[in-house]
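Student: After the structure tokens below, expect a handful of questions from me.
The values are calculated or read from the model by the stated rules, or taken from the named source; none is laboratory data. It should be emphasised that the depicted structure is a prediction, and the values quoted were computed from it without experimental measurement. Ideal geometry is used to build each Cβ from the backbone, glycine not excepted, and the neighbour counts take in all protein chains shown. Areas reflect the complete protein model, heavy atoms only, side chains present, ligands, DNA and RNA absent. Shrake-Rupley method; radii C 1.70, N 1.55, O 1.52, S 1.80 Å.
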Amino acid sequence: MRKEFCGIYGVWNNENAAELTYLGLYALQHRGQESAGIVTARKKGFLVQKGMGLVSEVFPQESLNRLKGDAAIGHVRYSTTGSSSHGNIQPLVIEYQNKSIAIAHNGNIPSAGKWKTKLESEGVIFSTETDSELILKMIVKETGDWEERLKKTLDKLEGSFSLVVLFPDKLIAVRDAYGYRPLSIGTKGESILFSSESCAFDIVDAEYQRDLQPGEMVVIDSSGMKSLFLENREHQRCIFELIYFARPDSYVFSQSVYDARLNMGKELAREKKIDADLVMPVPDSANMQALGYSQKSGIPLEFGFIRNHYIGRTFIEPHQKIRDLRVKIKLSPIKNVLKGKKVIVIDDSIVRGTTSKKLVKSIRKAGAEEVHLLISSPPIKYSCYYGIDTPTSQELIANNHSVKEIKEFLGVDSLYYLSLDGLLRACRKTEYCLSCFNGEYILKNGKRKK
Ligand code: SF4
């Protein structure tokens, strides 16, 4: 099964459901740039528009005019393995007993392979590689009403998922019982909205109300709104949402991403004091951390890199060759700022180390006298099984190199990673998944570790 790093959106009870979803997906575009899709529900059935590319490319105006209906779900997707395929684009729709069901999913289900094999042995045919299709095929085999079937399925399918599931007369939003992926609920007048991140409420003038709780399933239909709960699990919010993935103007896990990143910078300044002329971020994902470091240390904040915004994120590009070229295109050092200066550079994380090495080289080439690299998270040593694109553990530089070796590889004067305690203080809660730092997996290859 494929890992997916995605954004999901849902709208209930709004005559412009497709348009709101379109705008919401625009705000979630950073969570996936490979494909996008919207499904709307109306009395006669579903209407679907999806395709490869950015939201702006997939939905021409005429497609939005065509997508009638007062409920909708949407999805932006980035797949992390295998070739891209039109069949895997979400939301996925199936027909069952003359009824349509559509699903949009963010996350990864480590046990999906096991369940797929089981269903195939019972004669079920799969036409995509997605976990979403597995969920749909499992719920139609269960008994009870749709929320009961979904609950039974998701209690079996342990993993990381936030889902929106659309029926002609019902919308269900659910967050896995571990709480790996974010999902929040908002309102706009009488309309109810769901989004991976709250920034996608702001764009349509909706009000962020709250996060769904881990394991919460919100069901909306003509009789109103109710919450059911999946079997209870140990909470494991993905701390990388706060470090890197989510937009800083979002609330995820009921806290401001901006504040969490500012705090990471302040914690770094508390832990590592350096005599330097300026502190600068690797933009944009370390901007707030650099600001926090500057505020706490008193060292001026400068912008030593200019970012080309017309290119996607390097970390989530699938092919090494493209990634190499993109680093150069994406970030240009400013000589006037850097020449002859002792520079503190703040970045959110180091993955393979190849991007950081190129950035350090370009800062030196621009004339910096000293380069001190500070990272606002602990070393990433282990791969993620819960829907985030990380290379295999062997490809992660911190998996098999000491901090001293990484410092030498990068060519910096000093290298410092924020401590785990410092990171947790910055994020103000303790119920986080930390598997990529400590290798302690709750779920791995579909099995629960205890
Ligand atoms: Fe997030 Fe790391 Fe846990 Fe994956 S392993 S869910 S990236 S904290």
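Student: Within region 96-126, track down each residue that is part of a strand (DSSP E or B), farther than 22 Å from GLN33 by Cβ and modelled with pLDDT under 90. Outline the logic, then answer.
Tutor: Here is the first cut: in region 96-126, the residues part of a strand (DSSP E or B) are 96, 99-108.
If we keep only those that are farther than 22 Å from GLN33 by Cβ too, we end up with 96, 99-101.
TYR96, LYS99, listed by residue number.
Student: Name the residues in region 428-444 that are within 11 Å of the ligand (Cβ to nearest atom) and either under 17 Å from VAL252 (Cα atoms) or open to solvent by less than 30 Å² (accessible area, probe 1.4 Å) (or both), would you?
Tutor: TYR432, CYS433, LEU434, SER435, CYS436, PHE437, GLY439, TYR441, ILE442, LEU443
Student: Report whether or not GLU57 is of a type in the set (D, E, K, R), touching a strand residue (DSSP E or B) at 6+ places or on another chain (Cβ under 9 Å) and without any contact (Cβ under 8 Å) to a residue 40 or more places away in the chain. Steps first, please.
Tutor: On the way: of a type in the set (D, E, K, R): yes; touching a strand residue (DSSP E or B) at 6+ places or on another chain (Cβ under 9 Å): yes; without any contact (Cβ under 8 Å) to a residue 40 or more places away in the chain: yes.
Criteria met by GLU57.
Student: For ILE388, work out the one condition from (1) aliphatic (A, V, I, L, M); (2) farther than 30 Å from GLU158 by Cβ; (3) part of a loop (DSSP other than H, G, I, E, B) it doesn't fulfil.
Tutor: All conditions are met except number (2).
Student: Moving on to the next point. Considering only region 211-270, how many residues are open to solvent by less than 10 Å² (accessible area, probe 1.4 Å), within 16 Å of the ligand (Cβ to nearest atom) and among the charged types (D, E, K, R)?
Tutor: Within region 211-270, residues that are open to solvent by less than 10 Å² (accessible area, probe 1.4 Å), within 16 Å of the ligand (Cβ to nearest atom) and among the charged types (D, E, K, R) number 2.
Student: With SER160, SER191, SER195 as the choices, which residue is crowded, with 21+ Cβ neighbours inside 10 Å, farther than 12 Å from VAL218 by Cβ and away from the ligand (no atom under 16 Å from the Cβ)?
Tutor: None of the others qualify; the one that does is SER195.
Student: Follow-up question, since we're still on this one. How about region 7-77: which helices (runs of 4 or more DSSP H) wholly inside it have at least 1 residues that are under 20 Å from the mean Cα position of the chain (by Cα) and closer than 19 Å to THR130 by Cβ?
Tutor: Output list reads 17-27.
Student: In region 244-260, is there at least one residue being small (Gly, Ala, Ser) and over 27 Å from ARG425 (Cβ atoms)?
Tutor: No - not one qualifying residue is present in region 244-260.
Student: Checking the structure you have, find out if any residue of region 175-190 is in contact with a helix residue (DSSP H, G or I) (Cβ under 7 Å, 6 or more places away or on another chain) and of a type in the set (Phe, Trp, Tyr).
Tutor: There is no residue in region 175-190 that is in contact with a helix residue (DSSP H, G or I) (Cβ under 7 Å, 6 or more places away or on another chain) and of a type in the set (Phe, Trp, Tyr).
Student: Quick check on my filter: what residues within region 127-166 are in contact with a Phe, Trp or Tyr (Cβ under 6 Å, 6 or more places away or on another chain), part of a strand (DSSP E or B) and at pLDDT below 95?
Tutor: SER160
Student: To continue, here is another question. Filter region 32-67 for residues that are surrounded by 24 or more Cβ atoms within 10 Å (Cβ to Cβ) and within 20 Å of ILE388 (Cα to Cα) and give the result.
Tutor: GLY32, SER35, ALA36
Student: Looking at region 368-417, which of its residues are at positive phi and either open to solvent by less than 10 Å² (accessible area, probe 1.4 Å) or within 11 Å of the ligand (Cβ to nearest atom) (or both)? Full working, then the answer.
Tutor: Filtering region 368-417 for residues at positive phi gives 387, 411.
The one that is at positive phi and either open to solvent by less than 10 Å² (accessible area, probe 1.4 Å) or within 11 Å of the ligand (Cβ to nearest atom) (or both): GLY387.
Student: Picking from TYR178, TYR208, which residue would you name as being more than 15 Å from the chain's Cα centre (by Cα) and within 16 Å of the ligand (Cβ to nearest atom)?
Tutor: Going through TYR178, TYR208 in turn, just one is more than 15 Å from the chain's Cα centre (by Cα) and within 16 Å of the ligand (Cβ to nearest atom): TYR178.
Student: Also, quick follow-up: Residues of region 352-367 being open to solvent by 20 Å² or more (accessible area, probe 1.4 Å) and either within 16 Å of the ligand (Cβ to nearest atom) or at positive phi (or both), which ones?
Tutor: ARG352, GLY367
Student: Still on this structure: So which residues in region 254-296 are more than 22 Å from SER356 (Cβ to Cβ) and of a type in the set (Phe, Trp, Tyr)?
Tutor: Of everything in region 254-296, just one residue is more than 22 Å from SER356 (Cβ to Cβ) and of a type in the set (Phe, Trp, Tyr), namely TYR258.
Student: I'm told PHE194 meets every condition in (1) in contact with a Lys or Arg (Cβ under 9 Å, 6 or more places away or on another chain); (2) over 30 Å from TYR382 (Cβ atoms) except one. Can you identify the failing condition by its number?
Tutor: Exception for PHE194: condition (1).
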